1. Starting at the first residue of the stretch 129-139, write each ³J(HN,Hα) from the Karplus equation 6.51 cos²θ - 1.76 cosθ + 1.60 with θ = phi - 60°, in whole Hz, x for Gly and Pro.
2. What FRET efficiency do you get for ASP48 and ASN156 if R0 is 30 Å and r is their Cβ-Cβ distance, rounded to the nearest 0.05?
3. Determine, for each peptide in 126-139, 107-120, 87-100, the mean count of other beta carbons within 10 angstrom over its residues, then list the peptides with the highest first.
4. With 24 Å as the limit, write out which pairs from LYS15/LYS130; LYS55/LYS113; LYS55/LYS107 have Cα-Cα distances beyond it, or answer none.
5. Fully extended, how many nm does the chain gain between THR140 and ARG7 (0.36 nm per residue separation, minus their Cα-Cα distance)?
6. Provide the per-residue ³J(HN,Hα) series for the stretch 71-84, in order, calculated from phi with Karplus coefficients 6.51, -1.76, 1.60 and θ = phi - 60°, each as a whole number of Hz, with x at glycine and proline positions.
7. In nm, what is the difference between 0.36 nm times the number of residues separating ASN114 and LYS130 and their Cα-Cα distance?
8. Please name which of PRO84, MET128, TRP139 has its Cα lying farthest along the dipole of the stretch 61-166 towards the positive end, using unit charges on Cβ (Lys, Arg +1; Asp, Glu -1) and the Cα centre as origin.
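Please treat every number below as a calculation from the coordinates, not as lab data. Keep in mind the model is a prediction, meaning the values are calculated, not measured. Cβ atoms come from the backbone with ideal geometry, glycine included; neighbour counts cover every protein chain shown.
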Amino acid sequence: MPSGGARKGAGRKPKPLAEKLAAGNPGHRPLKKVEFPGNGSGESNPPDYLRLMEKRVIGIPTPMEIYSETVRYLEPSDCLNLIPTALIADYAMAKYFLINAQYELSKTATVAKNKQGEVVVTSFTEAMLKMQKNVITAWTPIWDIVSRNSERIITNPEQDLVVAIMSGRVRKKRPDVEVPNDGANGHSQNPGGES
């Protein structure tokens, strides 16, 4: 017996506003922009606490740099004033920790043997994969605001990561095998004589 109802986030995702405008509003319904509770500052200055959280590693961008780069990317969308500064800061920290984890993982093993002698993925690798999901979780509300409110077409920079996380493992396609015609289907002629 079925139970429950519509799940949060289930169903087809709405088309971005820019795509609806480019298609000439095919649904002929009034186009609306999403109202976001809270007000974004539209500031390009990162919060001071981002500076306190960084561990300086040469070659890895700081949270402040990731924040500034994200703001520069979002400016052409004309939606920066709708996005709360805390959302962009959360994304910058998640991205920073992911890049740090990837750097640390490059210096260690991704697989190891457990006590039973089986080869397993290390816990550090699993943590890095969870951090990838954290980046997507932090980016999703930002992209949702931009895609529903921007009248300009811009691309999602985290799309490749979203696809990799959502798709899971890739299944191999089975090779096409020709089925011999044994006369069992209704489209073949009667192999016997007269009936």
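1. Along the stretch 129-139, the couplings run 5, 5, 5, 4, 5, 5, 4, 5, 4, 6, 7 Hz.
2. 0.55
3. 87-100, 126-139, 107-120
4. Too far apart for the 24 Å limit: LYS15/LYS130; LYS55/LYS113.
5. 46.2 nm is the gain from fully extending THR140 to ARG7.
6. Running phi through 6.51 cos²θ - 1.76 cosθ + 1.60 with θ = phi - 60° gives 4, 4, 5, 7, 4, x, 6, 6, 10, 4, 6, 8, 9, x Hz.
7. Details: separation 16, 0.36 × 16 = 5.76 nm, distance 2.09 nm.
Contour length minus Cα-Cα distance gives 3.7 nm.
8. Result: MET128.
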